[in-house]
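Colleague: Below: one structure in structure tokens.
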Amino acid sequence: MTIPWNIKEQFPLLSRTVNDKPIVYLDSAASSQKPEAVLSAMDTYYRQVNANVHRGAYTIAAEATEQMETARSDIAKFINAYSANEIIFTKNATEAFNLVARSWGVRNLGPDDAILITDMEHHANIVPWQILAEDRGFEIRWIPLGNDGTLDLTNLDKLLEGVKLCSVTAMSNVLGTLNPIRKISDAAHAAGALMLMDGSQYVPHLPTDVADLDVDFMCFTGHKMCGPTGIGVLWARAEILDAMPPFLGGGEMILDVKKSGFVANEIPHKFEAGTPPIAEIIGLGAAVRFLDSLGMKNIREHEISLTKYAFMKLKECHGDDIQIHGPSDIEKRGGVLSIAYKDVHPHDLSQVLDQHGICVRAGHHCAKPLMRELGVGATARASLYLYNTESDIDILAEALGEAGELFAF
Amino acid sequence: MPGLEDLYREIILDHYRNPRNRGELESPPAHRSEGFNPLCGDEVVLTFTTDGTTITDLKIGGQGCSISQASASMMSAAVLGKSTAEIREITKTFKAMMSIHEGEMAAESDDNATLPQVELPLGDLEALRGVVKFPVRIKCATLPWNALLSGLDEAN
């Protein structure tokens, strides 16, 4: 099975025009578009089911709770979690990282400890640790960049000495690099460290199996995988979550509260204080069912084929005028194409492309340490998803030519 | 719909391709001021000398998009040899052209605000007027000006 040729029809936004041109949406690494299945699930929830969850014995409250918990189970299956209780709903991946830092980190990281991250992390996997390190005084180490946009793992064992947590993105949001998570995870475990995987760019695009990857924590976000904004996930092994203190305090996360103190609820509720984003959770549930119906293997194959086509087409049209950052081996990367084109500044490039209805992101992509390593201030990034086509790439390739002419020195 | 020709006027592209007063003065003795746009990574580094009242030399460093770099180049040409007071007026006029009216709320209660304002000629800078139609890019155009203002404040 392949991705249906007319899949765009299931995404209402992709039928609109921008600047009088049919939209060419190439910014799914920032946020994906939403299929009808997700929009209608959320709409139906608000129109027919809306009630607070885990409270009240009346029918629609029970239906809301059941829909939300069905979403949790479906999301657990989608990443092959051991149990639905290991799915903690957060606002986004950023909040999931902050949860780990503020709950697990506060208990486990002190002046003699270290954590290991990499030069290609998103700020969400950097700054929460830097904030915590100001209080707790632990060391933050970095796995350096190697050749062709990959990590240099030569000194991994040395870097892991004394490390309590290794936190690595499975796929770079700038370079598209697919990092060898299982290899790093094995080394981390051998060194006595836990392994956290940033799945924000990986889970939407590749089949994800947390058991096979053998990681201990994984953070990802809903809006990059056909789901709504405002919903992210922290997955972690149950025994780790059980041992962690609560993150935010309030309703829902307690079993009992007395003037003398509180008793925390069981997982996952221990980490879900307050009324959750119910519609967004139901929307994310619909999103994983939608992705499942297409098949994550098919989505990956579609994106490999499209990325190959993009490399071929862009080189064919622009030769040495265009440089694509990151791995040249398509099997080792996702469909994230950070482009340097002639000397045209990324901001100007995206402005010209916008006139053609093309949406690409220009900037540092929340990865400033990586941009410094690459020696650039910004890149223009075109990122592909299941609904993109070869025709989208053709329009991009042609429009780049116009930008080149306008800014030629 | 505003077109690219509204944004990328020939004179802007000329300043981008052939930036005026490019470089860096040794600081100290020169004053140094930096501006960053955290959204797009653009940066501008200004180094300038004053004789107490006027800017006697000014160099522009940094990197960024055509709008921020052209604006910096035009700014350097517009403010060299001008007094601090004149530069503040030019900046105010330029920002007004960018639809940024600082202190507008306060000015409304100020009787002086009703007096007719003298329009300063902006020369080449007029070419940046089209930026207003592309609101995302206004910050690019004003980046060097904000750096200059904070540099002047520090120099005082």
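Colleague: Express the relative contact order of the range B:4-155 as a whole percentage, based on alpha carbon pairs under 8 Å and six or more residues apart in sequence. Before the final figure, lay out each step's value.
Modeller: Values: 225 pairs, mean separation 45.4, N = 152.
It comes to 30 percent, rounded to a whole number.
Colleague: Next up: If a/c stays under 1.5 just call it rounded; otherwise compare a/b with b/c (prolate if a/b is bigger, oblate if not). Do that for the range A:165-308, with a ≥ b ≥ c from the square roots of the Cα gyration tensor eigenvalues.
Modeller: Numbers: a/c = 2.85, a/b = 1.46, b/c = 1.95.
Oblate.
Colleague: Under the Karplus relation 6.51 cos²θ - 1.76 cosθ + 1.60, θ = phi - 60°, what is the ordered set of whole-Hz ³J(HN,Hα) values for the range A:84-90, x standing for Gly and Pro?
Modeller: 4, 5, 8, 8, 9, 7, 10
Colleague: Classify the range A:1-64 as rounded, prolate or oblate from the Cα gyration tensor: take a ≥ b ≥ c as the square roots of its eigenvalues, call it rounded if a/c is under 1.5, otherwise prolate when a/b beats b/c and oblate if not. Before the final figure, lay out the partial values.
Modeller: Working: a/c = 3.09, a/b = 2.53, b/c = 1.22.
It comes out prolate by the Cα gyration axes.
Colleague: So, in Å, what gap is there between the alpha-carbon centers of the range B:20-97 and the range B:138-156?
Modeller: After rounding, the separation between the Cα centres reads 7 Å.
Colleague: Ordering A:His223, B:His15 by how much accessible area each has at a 1.4 Å probe, largest first, what is the list? Walk me through the numbers before you get to the answer.
Modeller: Numbers: A:His223 35, B:His15 5 Å².
The most accessible residue leads, giving A:His223, B:His15.
Colleague: How long are the three semi-axes of the equivalent ellipsoid of the range B:4-155, in whole Å, if each is the root of 5 times an eigenvalue of the C-alpha gyration tensor, listed from largest down? Please list the in-between numbers first.
Modeller: Values: eigenvalues 106, 87, 40 Å².
Semi-axis lengths for the range B:4-155 are 23, 21, 14 Å.
Colleague: As a test question: what accessible area, to the nearest 10 Å², does A:Trp142 have when a 1.4 Å probe is rolled over all protein chains in place?
Modeller: A:Trp142 has an accessible surface of roughly 80 Å² with all protein chains in place.
Colleague: Still on this structure, please answer the following. Can you give the helix-only mean residue ellipticity at 222 nm for chain B, where every DSSP H stretch with n ≥ 4 adds -39500 (n - 2.57) and the sum goes over all residues, rounded to the nearest 500 deg cm²/dmol? Working shown, then result.
Modeller: Numbers: 6 runs with 63 residues, N = 156.
-12000 deg cm²/dmol, from helical runs alone.
Colleague: Could you work out [θ]222 nm for chain A from helices alone, using -39500 (n - 2.57) per DSSP H run of at least four and dividing by all its residues? Round to the nearest 500 deg cm²/dmol.
Modeller: Working: 13 runs with 144 residues, N = 409.
Helix-only estimate at 222 nm: -10500 deg cm²/dmol.
Colleague: Right, here's the next one. Tell me which residues come under 5 Å, amide H to amide H, from A:Ile358 once H is placed; ignore anything under 5 positions away on its chain.
Modeller: Close amide H contacts, sequence-distant or interchain: A:Val24.
Colleague: FRET efficiency for A:Thr2 and A:Lys77, Cβ-Cβ distance as r, R0 = 30 Å, nearest 0.05? Numbers along the way, then the final one.
Modeller: Numbers: r = 23 Å, r/R0 = 0.77.
Efficiency, from the Cβ-Cβ distance: 0.85.
Colleague: Straight distance only, please: which lysines reach the Cα of B:Lys133 with their own Cα at less than 17 Å, same-chain residues fewer than 8 apart left out?
Modeller: B:Lys95
Colleague: Right, another one. Between their Cα atoms, which of A:Lys342/B:Lys59; A:Lys183/A:Lys297; A:Lys183/A:Lys224; A:Lys270/A:Lys332 are more than 28 Å away from each other? Mind showing how you got there, number by number?
Modeller: Numbers: A:Lys342/B:Lys59 26 Å; A:Lys183/A:Lys297 21 Å; A:Lys183/A:Lys224 26 Å; A:Lys270/A:Lys332 38 Å.
The pairs that break the limit, which is 28 Å between Cα atoms, are A:Lys270/A:Lys332.
Colleague: Step through the residues of the range B:60-69 one at a time and calculate ³J(HN,Hα) from phi using the Karplus curve (6.51 cos²θ - 1.76 cosθ + 1.60, θ = phi - 60°), rounding each to whole Hz and writing x for Gly and Pro.
Modeller: Rounded to whole hertz, the list is 10, x, x, 8, x, 6, 4, 5, 5, 6.
Colleague: Give the distance, in whole Å, between the Cα centre of the range A:16-92 and the Cα centre of the range A:238-288.
Modeller: Taking the Cα centre of each part, the range A:16-92 and the range A:238-288 sit 18 Å apart.
Colleague: With θ taken as phi - 60° and the coefficients 6.51, -1.76 and 1.60, list the Karplus ³J(HN,Hα) couplings across the range A:320-327 in order, rounded to whole Hz; mark glycine and proline as x.
Modeller: 7, 5, 10, 10, 10, 5, x, x
Colleague: Taking H as built 1.01 Å from N, whose amide H comes closer than 5 Å to the amide H of B:Gly62, not counting residues under 5 places away?
Modeller: Those qualifying (amide H under 5 Å, at least 5 residues apart or on another chain) are B:Val45.
Colleague: Another question, if that's okay. In bins 5 Å wide, starting from 0, what share of all Cα pairs of the range A:1-110 does each bin hold, as a percent?
Modeller: 2, 9, 11, 14, 17, 16, 13, 9, 6, 3, 1, 0
Colleague: Right, next: Which shape class applies to chain A: rounded if a/c is under 1.5, otherwise prolate when a/b exceeds b/c and oblate if not, where a ≥ b ≥ c are the square roots of the Cα gyration tensor eigenvalues?
Modeller: On the way: a/c = 2.09, a/b = 1.28, b/c = 1.64.
Note, shape of chain A comes out oblate.
The values are calculated or read from the model by the stated rules, or taken from the named source; none is laboratory data. This one's a predicted model, so the numbers in the text were calculated from it and none came from an experiment. So basically every Cβ, Gly included, is an ideal-geometry build from the backbone, and we count neighbours across all protein chains shown. Heads up: the accessible areas ignore ligands, DNA and RNA and are worked out on the full protein's heavy atoms, side chains in. Shrake-Rupley method; radii C 1.70, N 1.55, O 1.52, S 1.80 Å.
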